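Engineer: Below you will find the structure I want to go over with you.
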Amino acid sequence: MRYDDRRTAGRLLAGRLEELRGRDVVVLGLPRGGVPVAAEVARRLGAPLDVLVVRKLGVPGQPEWGFGAIGEHGVRVLNRDVIDAAGLNAGEREAVEEAERDELERRVRSYRQERAALQLTGRTAVVVDDGLATGATAEAACRVVRDQGAARIVLAVPVGAGHSVARLRRVADDVVCPHTHQILGSVGAWYRDFAQVSDAEVTSLLAEAARATPRSPAAPSPGVPAPPERAGHASPSDREVRIPAAGARVGARLVVPDGAAAAVAFAHGSGSSRHSPRNRYVATALNRAGLATLLLDLLTDDEAHDRHNVFDILLLARRLHAASVWLRGETGLPVAYFGASTGAAAALEAAALSGSDVRSVVSRGGRPDLATPAALTRLRAPTLLIVGSRDTQVLSLNRLAADRMHCEHRMAVVPGATHLFEEPGTLTTVAELARDWFTAHLGRPTTGAPRRSA
């Protein structure tokens, strides 16, 4: 069968996505041809529409051979196999990314007309294009959306090549393609009207959708709920930054609300990044309490592929300490740490360094036992250890680490929670505990007689 045009294809595609109506969904169109299809899907589902601008990173001299892709907010995904096969060095990769980043930002400005991007953290992202041939762009898009914190990714296309659909089922959580063909030919052959979509049409469709649908924050979802509203603070400054930290430049997201009283640097756990939906959820709750936050990557992309680096707590601690020095200089605010998993051990090591002046530390499902005994003994920053009651092994390890601490500290056990705090309400409890601990210890010095709290 052939579709009359992209809008007709979008209406038919929406019928296959009916189960998503009424859920916390964002529809993302790939420009340019995917946006008219996505606009119809969003309209039929009653969901907000946004554009998903991704740029493929092509090997110099062979631009069709992609070694990765970039998206908004500094998101980057790399294909290590291609990088190794092409023999690309860091300088070559950075030059390609810089050029593509400029083009990506130009397109975003053109399409959105200064509207803010929709928040994806914890939500279902429906990625829509007008067809799937090789699937390279769609794969890059799905990886970028995953890195931006989407809880579920549905790739939806009206028509596609069978081999590409099968491969992308390993990248997206679900692929919806009403018409799959073993021999596809060109995507345009499956449309009676496949006229080129202009930038002006993309901009118009997005503006029309923005007027029709309120662009609200993420609604509650089972894994990552919407952060609690907290009045009294203006819209924050929110920007991506690169920070020099112990031999590398690491990516970070800095949010500073007006009148912020302190700043919290986040140290993520193994296998995670500054785009971790759980850390972003907690950070948003802290922002609404008037605290600045710095979500940062403690390792570069190349370093993160070596599992030895992931568990090199002293390296992570040095990076975190360097980032906190930068953060204090950038904002003029006192600094606290929030660590998760192995990042908690790095936070404790960094806070124990001489002259660190870290005001307080919160650990979520952390591994403080991976910090050195000397650091746990030297630590003076008031420390809160948050652990799920059902995370029994980590609970025991936290108790052993707490026994070595001479600073003010407390262990908070969240009933019914497992390691990732995926159970309804448990991550909200984590955010509230962290908020209250940080705000209670903002003005306290980190020296003096230590004490323990139950």
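Engineer: Regarding the range 21-164, what's the average projected area of the Cα-atom convex hull, expressed in nm²?
Structural biologist: 8.9 nm²
Engineer: Something else now. Suppose R0 equals 25 Å; then what is the FRET efficiency for S389 and D436 from their Cβ-Cβ distance, rounded to the nearest 0.05?
Structural biologist: The pair S389/D436 has a calculated efficiency of 0.85.
Engineer: Roughly speaking, what is the stretch gain from E64 to D199, that is 0.36 nm per residue apart minus the C-alpha to C-alpha distance, in nm to one decimal?
Structural biologist: Using 0.36 nm per residue and subtracting the Cα-Cα distance, I get 46.3 nm.
Engineer: Can you give me the accessible area per residue for the chain, using a 1.4 Å probe, in Å²?
Structural biologist: Spelled out: the 1.4 Å probe surface of the chain, per residue, equals 42 Å².
Engineer: With viscosity set to 0.692 mPa s at 37 °C, what whole-number translational diffusion coefficient in µm²/s follows for the range 339-416 from Stokes-Einstein and a Kirkwood radius over Cα pairs?
Structural biologist: After rounding, the answer is 275 µm²/s.
Engineer: Right, another one. Once you charge only the Cβ atoms, +1 for Lys and Arg and -1 for Asp and Glu, what is the size of the charge dipole of the range 329-402 about its Cα centre, to the nearest 20 debye?
Structural biologist: With Lys and Arg at +1 and Asp and Glu at -1, about 220 debye.
Engineer: Find the centroid of the Cα atoms in the range 1-71 and in the range 287-322, then give the distance between the two in whole Å.
Structural biologist: Centre-to-centre (Cα) distance: 33 Å.
Engineer: Moving to a separate point now. Among DSSP beta bridges whose residues both lie in the chain, state the antiparallel percentage, nearest 5.
Structural biologist: Of the beta bridges lying entirely in the chain, close to 30 percent run antiparallel.
Engineer: Computing the accessible area with a 1.4 Å probe over protein heavy atoms, can you report the carbon and sulfur percentage for the chain?
Structural biologist: Carbon and sulfur atoms account for 50 percent of the accessible area of the chain.
Engineer: Would you kindly compute the Cα radius of gyration of the chain and its largest Cα-Cα separation (Dmax), both in Å?
Structural biologist: For the chain, the Cα-based Rg and Dmax read 23.3, 78 Å.
Engineer: Under the rule that an exposed site lies in a DSSP loop and has at most 14 other Cβ atoms within 10 Å, name the longest stretch of the chain with no GluC sites (Glu not before Pro) of that kind, not counting the sites themselves.
Structural biologist: Formally, the longest exposed-site-free interval is 230-421.
Engineer: Could I ask something else about it? In nm, what is the difference between 0.36 nm times the number of residues separating T372 and R239 and their Cα-Cα distance?
Structural biologist: Extra length available between T372 and R239 comes to 44.5 nm.
Engineer: If I model a spin label as a point 7 Å beyond the Cα along the Cα-Cβ vector, how far apart are those points for I183 and N309 in nm?
Structural biologist: Here the modelled spin labels are 4.7 nm apart.
Engineer: Continuing with the same structure: Where nothing but the Cβ of Lys and Arg (+1) and of Asp and Glu (-1) is charged, how large is the charge dipole of the chain around its Cα centre, in debye to the nearest 20?
Structural biologist: 1080 debye
Engineer: Here is a further query. In nm, what is the difference between 0.36 nm times the number of residues separating E92 and S110 and their Cα-Cα distance?
Structural biologist: Extra length available between E92 and S110 comes to 3.7 nm.
Engineer: Given the range 52-209, what percent of its DSSP beta bridges are antiparallel, to the nearest 5?
Structural biologist: 40 percent
Engineer: Let me ask another. Under a plain spin-label model, where a point goes 7 Å from the Cα along Cα-to-Cβ, how far apart in nm are R80 and L400?
Structural biologist: 2.9 nm
Engineer: Here's a follow-up. To the nearest 500 deg cm²/dmol, what mean residue ellipticity at 222 nm is calculated for the chain from DSSP H runs of n ≥ 4 alone, each contributing -39,500 (n - 2.57), summed and divided by the residues?
Structural biologist: Result for the chain: -11000 deg cm²/dmol, rounded to the nearest 500.
Engineer: Out of S356, V241, L296, whose Cα points farthest toward the positive end of the dipole of the chain (charges: +1 Lys, Arg; -1 Asp, Glu; placed on Cβ)?
Structural biologist: S356
Engineer: If R₀ is 25 angstrom, what is the calculated FRET efficiency for the pair E422 and A136, using the beta carbon separation as r and rounding to 0.05?
Structural biologist: 0.20
The values are calculated or read from the model by the stated rules, or taken from the named source; none is laboratory data. Keep in mind it's a predicted model, so treat the numbers as computed, not measured. Note: ideal-geometry Cβ built from the backbone for every residue, glycine included; neighbour counts use all protein chains shown. All accessible areas refer to the heavy atoms of the entire protein, side chains included, with ligands and DNA or RNA removed. Shrake-Rupley method; radii C 1.70, N 1.55, O 1.52, S 1.80 Å.
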